[in-house]
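The values are calculated or read from the model by the stated rules, or taken from the named source; none is laboratory data. On a predicted model such as this, the values are computed, not experimentally measured, just so you know. Using ideal geometry, Cβ is built from the backbone for each residue, glycine included, and neighbour counts are taken over all protein chains shown.
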Amino acid sequence: MQFNALTAHELHDKLVKKEISAVEITEAVFKRIDAVEEKVRSFVTQTRDKALETARAVDAKIGRGEEIGPLEGIPVVIKDNMCTEGILTTCSSKMLHNFVPPYSATVVEKLKQAGAVLIGKANLDEFAMGSSTENSRFFATRNPWDTERVPGGSSGGSAAAVAADETIYSLGSDTGGSIRQPASFCGVVGLKPTYGAVSRYGLIAFASSLDQIGPFAKDVRDCARVFSTIAGHDPKDSTSAEFEVPDYTSFLTGDVKGLRIGIPREYFVEGTDPGVKELIYNAINKFEELGAVCEETSLPHTEYALPVYYIIAPAEASSNLARYDGVRYGYRDESAEDIVTMFMRTRSEGFGTEVKRRIMLGTYALSSGYYDAYYLKALKVRTLIKQDFDRALEKFDVLISPTSPTPAFKYGEKAGDPMQMYLSDVFTISVNLAGIPGLTLPCGFVDGLPVGLQLMGRPFGEGTLFKAAYAFEQNTDFHLRKPNL
Ligand code: GLN
């Protein structure tokens, strides 16, 4: 068995039994990267020396007979929009092509405390804006299941690296679907936690009221372990919530008898690939077989989610991205003779097309005279969307839907049409607007391409999502299949 293809919990057991060393795991992962990275292109940066150093320290600890934690000695990749002290953090943008942060994001700090082995930083759509990773200013990442296709986005590098077994797990960020959609396209498990469950300190802000960090993993158990490690209150993030973080693996009972599952009818309308729909219906049948009670429900404001998102997210982005002016860090146009020209040229050259489009959309929506008509209106509709979920989740423990309307699309297929690209997040965006958790897990294949099933739950109800997901996973084998690279 190739160690890089195992899960974190399998590797942990082998480490504890001394069947394998942390250095061997890390070397296995780098060997795999050497073999497939040319085709997949998940990484913006690799941190080989540091990784081996960490792995050696873990081996020394094991050698001394000390106990190790569940993620200790296990390789991880971090999306390149989370700050890593002393390690390049680019957001896949020319604007930050040379940015080396003086501090680490809280999630990175927590993983470090947990003994995780950071092996590198993953490619993304520039500033996390996109659904295909084609908006990276450096290069496009490819889908390991078919390298003619996109891995999804914006966390495409994080998803592809896990699917290609170039890492054991990874972290991504999700503002409108950027963990769940690529996880679905790449056939891995992904979690967008409840807003406030994971600290955003050190996550480079896109849309602050929507952004959340979460894990990509090879199975539900790993996802629960990683989430247990990164979740929790952080005094450095005023929007992070105070709540008791349980050991989420305690929810992995396999028992969903009596679990109430709602099927929102607005998520099964036209435009969804019939093959995808069929797999979701098969999944619903599977849950019923396992004793869950599935029933149709409605989230009546669903059709407004996409337009509302494309006002709120760009509005917040236009404000968050105002800081990139070439003065203190990142890219600067050196040719300008005065400061205003320097600002202008820096921002014109430093940002790519999609980022500029968002800044313009957002600035427009926030400008005086339009603020009430667009931004304020969008906030009101956001509340209605949230109330739809509150109502549905009073009756149901979990809501079920496709994660994305189609499997992975072809490289270049939607790159010229922003509206088509935006539509690929039509099932994931509402969850961010409502602030609730959403989990995707593999539920089958259409034409050899993986398809994800989305489970949505109550705020801080991640445990219930893990419970449902685990029961499904235990009774299917989709998560065990590997791409042929
Ligand atoms: N694809 C969506 C966008 O482009 C979501 C991105 C994300 O979740 N970061 O905004």
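Of note:
- When segment 291-325 is filtered for residues that are surrounded by fewer than 18 Cβ atoms within 10 Å (Cβ to Cβ) and either at positive phi or of a type in the set (S, T, N, Q) (or both), the ones remaining, listed by number, are Gly291, Ser298, Ser319.
- Selection of strands (runs of 3 or more DSSP E) fully inside segment 201-306 by the criterion of at least 3 residues being under 25 Å from the mean Cα position of the chain (by Cα) and within 16 Å of the ligand (Cβ to nearest atom) returns 212-217.
- Where Ile33 falls short, out of the listed (1) closer than 30 Å to Arg332 by Cβ; (2) part of a helix (DSSP H, G or I); (3) under 23 Å from the mean Cα position of the chain (by Cα): (1)
- For the criterion of being touching a residue at least 12 places away in the same chain (Cβ under 8 Å), surrounded by fewer than 21 Cβ atoms within 10 Å (Cβ to Cβ) and of a type in the set (Lys, Arg), Lys50 passes.
- Any hit, segment 72-85, residues being under 22 Å from the mean Cα position of the chain (by Cα) and of a type in the set (Ser, Thr, Tyr): yes
Residue-by-condition table, conditions (1) closer than 27 Å to Asn123 by Cβ; (2) assigned to a helix (DSSP H, G or I):
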| position | (1), (2) |
| --- | --- |
| Thr45 | yes, no |
| Arg56 | no, yes |
| Glu66 | no, no |
| Glu72 | yes, no |
| Val77 | yes, no |
| Thr90 | yes, no |
| Phe99 | yes, no |
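Every residue, every condition in (1) in contact (Cβ under 8 Å) with a residue 24 or more places away in the chain; (2) closer than 30 Å to Ala35 by Cα, yes or no:
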| site | (1), (2) |
| --- | --- |
| Asp417 | no, no |
| Tyr422 | yes, no |
| Ala434 | yes, no |
| Val446 | yes, yes |
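- Scanning segment 171-196 for residues that are under 24 Å from Lys386 (Cα atoms), more than 11 Å from the ligand (Cβ to nearest atom) and in a loop (DSSP other than H, G, I, E, B) yields Pro193, Thr194, Tyr195, Gly196.
- Residue list for segment 119-170, filter: in a loop (DSSP other than H, G, I, E, B), aliphatic (A, V, I, L, M), closer than 22 Å to Lys192 by Cα and within 16 Å of the ligand (Cβ to nearest atom): Leu124, Met129, Val150
- Breaking point among (1) in contact with a helix residue (DSSP H, G or I) (Cβ under 8 Å, 6 or more places away or on another chain); (2) over 23 Å from Val198 (Cβ atoms), for Gly63: (1)
- Just one of the numbered conditions (1) surrounded by 18 or more Cβ atoms within 10 Å (Cβ to Cβ); (2) within 16 Å of the ligand (Cβ to nearest atom); (3) not aliphatic (A, V, I, L, M) is not true of Asp388: (2).
- None of Phe427, Phe472, Phe445 is under 20 Å from the mean Cα position of the chain (by Cα), of a type outside the set (Val, Ile, Thr) and either at pLDDT 95 or above or buried (at least 21 other Cβ atoms within 10 Å of the Cβ) (or both) except Phe427.
- For segment 253-265, filtering for residues that are surrounded by fewer than 19 Cβ atoms within 10 Å (Cβ to Cβ) and in contact with a Phe, Trp or Tyr (Cβ under 7 Å, 6 or more places away or on another chain) leaves 2.
- Screening segment 323-364 for residues that are among the small types (Gly, Ala, Ser) and within 16 Å of Leu96 (Cα to Cα) and picking the one that is farthest from the ligand (Cβ to nearest atom) gives Gly326.
- Entry remark, segment 357-385: residues being surrounded by 14 or more Cβ atoms within 10 Å (Cβ to Cβ) and small (Gly, Ala, Ser) number 3 in total.
- Filtering segment 90-144 to residues that are in contact with a Cys (Cβ under 9 Å, 6 or more places away or on another chain), more than 25 Å from Tyr422 (Cβ to Cβ) and either free of Cβ contacts under 8 Å to residues at least 24 places away in the same chain or crowded, with 22+ Cβ neighbours inside 10 Å (or both) leaves Pro102, Ser104, Ala105, Val108.
- Whichever residue in segment 398-429 is among the charged types (D, E, K, R) and within 12 Å of the ligand (Cβ to nearest atom) and, among such residues, is nearest to Met456 (Cα to Cα): Asp425
- Where a residue in segment 174-199 is on the phi > 0 side of the Ramachandran plot and its partner, wherever it lies, is assigned to a loop (DSSP other than H, G, I, E, B) and within 13 Å of the ligand (Cβ to nearest atom), with Cβ under 6 Å and at least six apart: Gly177/Asp425; Gly177/Thr428
- Among the residues here, Lys386 qualifies as among the basic types (Lys, Arg), touching a residue at least 40 places away in the same chain (Cβ under 8 Å), more than 19 Å from Thr133 (Cβ to Cβ) and out of contact with any strand residue (DSSP E or B) (no Cβ under 9 Å at 6 or more places or on another chain).
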